[in-house]
Each structure stands twice: as structure tokens, then as C-alpha cells.
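What follows is a short report on a single structure.
No value in this document is a laboratory result; all are computed from the given coordinates. In this text the structure is predicted, and so the values were computed from the model without any measurement. Here Cβ is always computed from backbone atoms with ideal geometry, including for glycine, and neighbour counts include all displayed protein chains.
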Amino acid sequence: MTIDKKLSDELDRRRAHALAGGGQKKADDRHAKGRLTARERLEALYSKGTFQEFGLHAKHRTRHFGMADKDIPTDGVITGCGFVDGRPVASFSQDFTVVGGSLGEIHSKKICHALDHAVKAGIPIIGFNDSGGARIQEGVGSLSGYGQVFYRNVQLSGVVPQISVIAGPCAGGAAYSPALTDFLIMTRENAQMFICGPEVIRAVTGQVTTMEEIGSAQAHASVSGNIHFIAEDDAHAIAIVHRLLSFLPSNNMMDPPHRIEADLSIVDDPALDELVPADPKTPFDVREVIKRLADDGDFMEVMELFAQNIVIGFGRIGGIVVGFVANQPIVKAGTLDIDASDKAARFVRFCNVYNIPLVTLVDVPGFLPGVNEERRGIIRHGAKMLFAYASATVPKITVIMRKAYGGAFLAMCSEDMGADRVIAWPTAEIAVMGADGAVNILYRKELAESEDKAAKAKELAAEYRAEFATPYLSAGELMVHDIIHPRETRSAIALSLRGLMSKRETRPPKKHGNIPL
């Protein structure tokens with residue numbers, strides 16, 4: 001039996017019309033600006049020929065004000081699933097060439113269908129955000145559509161990875177959907193994300209600002225901390241998605257994509273011995289340590305430009321995917337402030353829900369002192385790190401490189417906060433406070449009576465370190481499990497990870513903890 005030619009031709013016509021989107025002219029305009037169309041983004045994301053579209057023929061059908069005769073192919077969004085590097089992944093891509101990619105009833109239903117499919121199938125979802133916002137002509141229906149998307153973003157959180165690419169405008173309420181996802185990637189040019197634009201801010205508050213100042217990728221990556229990665233263009237954004245997925249499991253019931261070999265190589269790395277300066281006050285770049293620890297030096301840093309006094313990101317040690325959290329001595333001496341605490345705490349919680357072991361590198365003189373930090377709530381924000389580490393049940397390995405003082409020592413995953421293995425270098429100093437501060441408190445009389453106070457303070461600081469801060473004191477109390485040479489660190493972590501892969505740890509039954517937000 002052969003299908004009727006008219007029916008076949010009608011299918012081909014409708015399919016071609018939907019695939020054309022907003023037309024060739026609008027596609028050419030995007031290309032002229034160095035941008036991809038919505039379909040081209042998906043073609044670049046997926047392995048060739050694997051994308052299956054959901055709702056190709058879905059379109060606006062209601063007769064809202066001003067929309068009765070409007071042709072809206074695919075209702076301005078393309079949804080479906082396919083394979084990325086051999087793994088199934090769901091996605092949606094808003095089509096700005098079709099009514100500005102505005103969100104209406106059918107548009108939101110399509111996105112919700114993709115989200116529902118992702119959670120049912122247990123696969124990651126990638127969203128390309130490029131939209132003029134709510135479709136005003138559909139009134140409160142468009143707001144309802146956003147609400148349905150937000151609700152699903154929350155339901156999927158901690159179940160399957162959600163990655164958002166901001167590849168165009170993302171304004172007003174539309175910005176909250178990507179904000180609810182795990183990782184945000186934003187293109188440097190042609191993308192904006194904001195709640196109120198410069199004109200609205202000026203009209204309401206009188207403040208004069210620019211889009212670059214409040215809505216650009218640079219502003220969100222370095223100041224607000226709303227995004228995790230800056231991409232130079234669409235192709236770069238998609239490359240970041242691919243690399244990020246290479247470290248993540250498909251869902252919370254699976255292990256990350258480890259590359260465990262049968263034989264583990266146990267080899268010292270003498271270069272690590274040379275990385276740490278002899279003077280404990282001399283800073284060094286902790287990323288150089290991370291790269292020596294990570295397989296082939298492959299480290300994917302997350303939120304590189306925000307709260308740079310702490311470094312977070314993904315790598316592998318002995319083939320096992322890990323999340324690194326490390327103080328950065330070259331920025332604010334590695335102190336923990338409000339932004340660093342928020343940055344680290346959320347990363348720790350992400351790693352925990354997706355079964356990614358944590359490796360914490362410690363060189364922290366304390367929480368950042370100051371009136372501004374206290375008034376902005378550093379107690380509440382610092383408590384997030386304590387909460388995140390204490391509630392994490394994944395393998396947790398801590399390496400104390402140098403300073404580990406006060407409450408910050410605990411916040412960087414000490415043995416008391418649940419670390420499975422705590423390793424210290426001979427250069428470690430573990431104490432209630434730093435030597436300089438302690439000398440002023442403990443040895444006031446000796447300093448006052450000394451003719452050369454500077455020399456006396458130096459002498460007393462050395463005595464304090466030897467008596468109160470040596471790693472051997474902590475090791476004697478089992479707060480440190482071993483003291484090793486830096487060159488032995490990679491092998492020690494790799495062996496510990498292998499031994500902890502079968503770790504099982506439960507928490508008291510409850511809906512969820514009440515993290516100090």
C-alpha cells in the first residue's frame with residue numbers, strides 16, 4: 001500500500017515550513033552577527049543524525065489579541081533529545097527568529113515536555129535561552145507557562161543535571177529558569193540577562209547604568225556570580241557543554257563517568273615539593289597544585305572570575321572524577337568571605353547529589369575580617385560551607401597544605417566535619433589562630449619587656465608554631481590521619497579514592513535539612 005501523494009506532499013510541506021523557522025533572511029542576519037540559529041545550536045550539540053524532535057508541528061492556535069493571523073512555526077522553541085558523545089541528552093532551544101522566541105502557552109508546554117522526558121529517562125537537559133520574554137498577547141497564560149517551567153526546574157534539581165546556555169536576551173522572569181539550573185554558560189557577545197534593564201532602573205530609581213554593567217556575561221561572571229562560564233560564541237558554549245558533561249553522571253542514581261584502570265600507577269611527583277614557598281606568608285597559585293594532582297593536568301575550573309579567593313572545578317585522579325575545592329593564596333590570602341563561602345557551598349552540594357567525590361586543598365588563614373562582612377552576614381554565609389560539607393555523604397579527602405586556622409579550618413572539611421581522610425604536608429599549620437595574632441594575646445608581657453619587639457615577636461611566633469600549630473600535634477589527636485611529603489599527594493589521594501568508592505553513609509530520615517540561606 002502506497003500513501004496518498006497529497007498526504008505525503010502535505011507532510012513534506014508542513015515539515016519544511018516548520019524547519020524554516022523565521023525564514024532565511026532572519027537566519028542570515030544572525031549569521032552576520034556570528035550567531036547560530038536555534039536549530040544550528042542543536043545540530044552542533046548532538047552527534048549527527050541522532051536528534052529526535054518533539055512537537056515539530058506544535059504551534060500557536062488560540063486567537064489572543066493581535067495574534068489571530070500570526071504564523072508561529074514550532075511556537076518559537078525546538079525541543080527533543082539525541083546523543084552527545086554516546087549519551088542520551090534532552091534539550092530545548094528557543095528560536096528568536098520566530099516572534100522573538102517569546103514564551104506562550106504551547107511554547108512552555110514544549111519546554112515542560114522536554115523537562116518531563118529528561119527526568120523520566122534519567123538524562124541531562126540542556127536549555128538554549130534566546131527569548132524576548134513573555135508573549136504579552138497571551139497575558140497571564142504566559143506567566144503561568146513560566147511558573148510551570150520553574151516548578152519543573154525545581155523538581156529536576158538533584159535528579160538530573162540541568163545546564164543553561166544564555167545565547168541571547170534573557171530578561172525579567174525568564175532569567176529565573178536558568179538561575180534554577182545547575183550551570184549557566186553565557187556568550188560574551190549578543191547575550192544579556194537581567195531582571196530590570198537600564199531604562200527601567202533609571203525610570204524607577206534615577207540611577208544611570210548600562211547593559212554592560214548589569215546584564216553582560218562579564219558582569220555576571222565576575223560581580224554577581226550568576227553564571228559559571230563565559231563562552232566567546234555559540235560554538236564555544238557548546239564545547240563547554242560537551243566538556244562539562246564529560247565529568248557528570250546522567251542522573252543522581254549513577255556514578256560519574258570514571259575512567260578507572262585495572263592497575264593504579266603509584267608514582268611520586270617531585271615537582272609538588274617545589275611549588276610551595278618556604279615562607280608561609282608567600283602566596284602561590286593553588287591551580288598549579290590542582291593541575292599536578294589531576295590526570296594529565298586536566299582541570300575544568302568553574303566560576304573562574306567570581307570569588308577568586310577560592311577555586312572550584314572538576315578533574316580526575318587515577319581515573320576517578322572528583323570535585324576540587326581549594327583556597328587560593330594569591331587572592332585575599334585565601335581567606336573565606338561571603339562570596340567564596342556561597343561559591344564553595346553550592347559546588348559541594350552539587351557534587352554530593354551527583355556522587356562526585358570531593359578533594360579539598362586547604363591554605364586558609366580564617367574568615368575575612370571587617371565591618372562590611374559582619375554586617376552582610378558572614379556568619380550565615382560561612383555556615384553554608386559547614387552545612388554543605390557536613391551533609392555530604394560522598395568520599396571526602398582533605399589535604400592541609402599550609403595554614404588552617406580557626407573556624408575556617410572546620411569549614412574546609414576537617415575530620416570533625418566528616419572528612420574520610422585528612423592528609424597534611426609538613427608545612428601545615430593547624431591552630432585556633434595565626435601565630436602573629438596569638439603572640440599578641442599570649443605573650444603581651446614578654447613583648448612589652450623586650451627591647452627589640454619585632455625580633456621578639458618573630459621568636460615567639462616560631463615558639464607558638466612549634467608548640468601549638470605543628471601538624472604532628474593534630475596527627476597525635478587523630479584530627480590528621482597522615483603527614484606526607486607533597487610529592488606523595490597524588491598517589492595518596494588516588495589510593496584513598498579507590499578505597500572509598502564503596503563508601504555508604506546515611507543520614508537521619510527527613511525531607512531535607514534547613515541550610516542557612
_Quick query: amide H of Q328 versus all other amide H atoms, modeled in the peptide plane; which residues come in under 5 Å with a sequence gap of 5 or more or a different chain?_
I310, V311, G334
*asked:* Using each residue's phi in segment 293-300, evaluate 6.51 cos²θ - 1.76 cosθ + 1.60 at θ = phi - 60° and report the 3J(HN,Hα) Karplus result to the nearest Hz, with x for Gly and Pro.
replied: 7, 6, 3, 6, x, 7, 10, 9
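Could you compute the FRET efficiency for D416 and T2, with r as their C-beta to C-beta distance and R0 at 60 Å, rounded to 0.05? Before the final figure, lay out each step's value.
On the way: r = 76 Å, r/R0 = 1.26.
Given R0 = 60 Å and the Cβ-Cβ separation, E is 0.20.
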*So if we plug the beta-carbon distance of M501 and S265 into 1/(1 + (r/R0)^6) with R0 = 25 Å, what FRET efficiency do we get, rounded to 0.05?*
0.90
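When a/c reaches 1.5 or more, the comparison of a/b and b/c decides; with that in mind, is segment 189-335 rounded, prolate or oblate per its Cα gyration tensor? Kindly include the intermediate steps, with their values, before the conclusion.
Details: a/c = 3.24, a/b = 1.60, b/c = 2.02.
It is oblate, given that a/c is not under 1.5 and a/b is not larger than b/c.
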_Geometric extent, Cα atoms of segment 355-417 - Rg, Dmax (angstrom)_ = 12.4, 38
_Taking N as its residue count, the alpha carbon Rg of the chain over 2.2 N^0.38 Å_ = 1.13
*asked:* Angle check, please: helix 234-245 long axis (alpha carbons) against the longest principal axis of the chain (alpha carbons), in degrees 0 to 90, nearest 10.
replied: 60
_Can you list residues from other chains, or at least 5 along the same chain, whose modelled amide H is less than 5 Å from the amide H of V77?_
D95
*To the nearest whole percent, what portion of all C-alpha pairs in segment 5-245 is separated by more than 27 angstrom?*
32
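Tally the DSSP beta bridges in the chain and give the antiparallel ones as a percent, rounded to 5. Display every interim value, and only then the final one.
Values: 22 of 62 bridges.
Restricted to the chain, the bridges split so that about 35 percent are antiparallel.
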*Karplus-derived 3J(HN,Hα), 6.51/-1.76/1.60, for each residue of segment 90-95, Hz, glycine and proline x*: 8, 7, 9, 9, 6, 9
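Could you line up E429, E288, E53 from fewest to most neighbouring Cβ atoms inside 10 Å? Mind showing how you got there, number by number?
Details: E429 24, E288 13, E53 16.
Least crowded to most crowded, the residues run E288, E53, E429.
Test of understanding: what is the full-extension gain from V353 to T282, defined as 0.36 nm times their sequence separation minus their Cα-Cα distance?
21.9 nm
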*May I ask you to sort H113, H228, H31 by Cβ crowding, counting other Cβ atoms within 10 Å and putting the fewest first?*
H31, H113, H228
*Could you let me know the centre-to-centre spacing of segment 24-47 and segment 86-157, using Cα atoms, in angstrom?*
19
*asked:* Tell me the volume per residue, in Å³, of the convex hull enclosing the alpha carbons of segment 390-511.
replied: 115
_Separation in nanometres of the label points that stand 7 Å from Cα toward Cβ, at D71 and H236_ = 3.7
*asked:* Cross-link candidates for K456: which lysines have Cα within less than 30 Å, leaving aside residues fewer than 8 places away along the same chain?
replied: K281, K332, K403, K445
*Cβ under 11 Å from E446's Cβ, E446 left aside: what net charge do those residues give with Lys, Arg +1 and Asp, Glu -1?*
+1
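Give me the percent relative contact order of the chain, please, defined on Cα pairs under 8 angstrom at least 6 residues apart. Each step should come with its number before you reach the end.
Values: 1002 pairs, mean separation 44.5, N = 517.
It rounds to 9 percent for the chain.
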*Where in segment 68-100 is the amide nitrogen less than 18 Å from a point lying 7 Å along the Cα-to-Cβ axis of R243?*
85
*Can you list the HN-Hα couplings for segment 464-471, worked out from phi with the Karplus curve (6.51, -1.76, 1.60; θ = phi - 60°), rounded to whole Hz and with x for Gly and Pro?*
4, 4, 5, 8, 10, 10, 4, x
*According to a simple spin-label model (label point 7 Å from Cα along Cα-to-Cβ), what is the distance in nm between K445 and K511?*
5.8
*How many nm separate the modelled label positions at V154 and I484, each set 7 Å beyond the Cα in the direction of the Cβ?*
4.4
_For the chain, calculated [θ]222 nm from helices alone, where every DSSP H run of n ≥ 4 adds -39500 (n - 2.57)_ = -11000 deg cm²/dmol
*asked:* Which aspartates and glutamates, if any, have their Cα less than 19 Å from the Cα of K343, not counting same-chain residues under 8 positions apart?
replied: D182, D285, E301, E304, D363, E373, E374
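Order by neighbour count: M193, M479, fewest other Cβ atoms within 10 Å first, most last.
Details: M193 26, M479 19.
With the fewest neighbours first, M193, M479 line up as M479, M193.
So what is the relative contact order for segment 312-443, in percent, with contacts set as C-alpha pairs under 8 Å and at least six apart?
Working: 245 pairs, mean separation 31.0, N = 132.
With pairs under 8 Å counted, the relative contact order is 23 percent.
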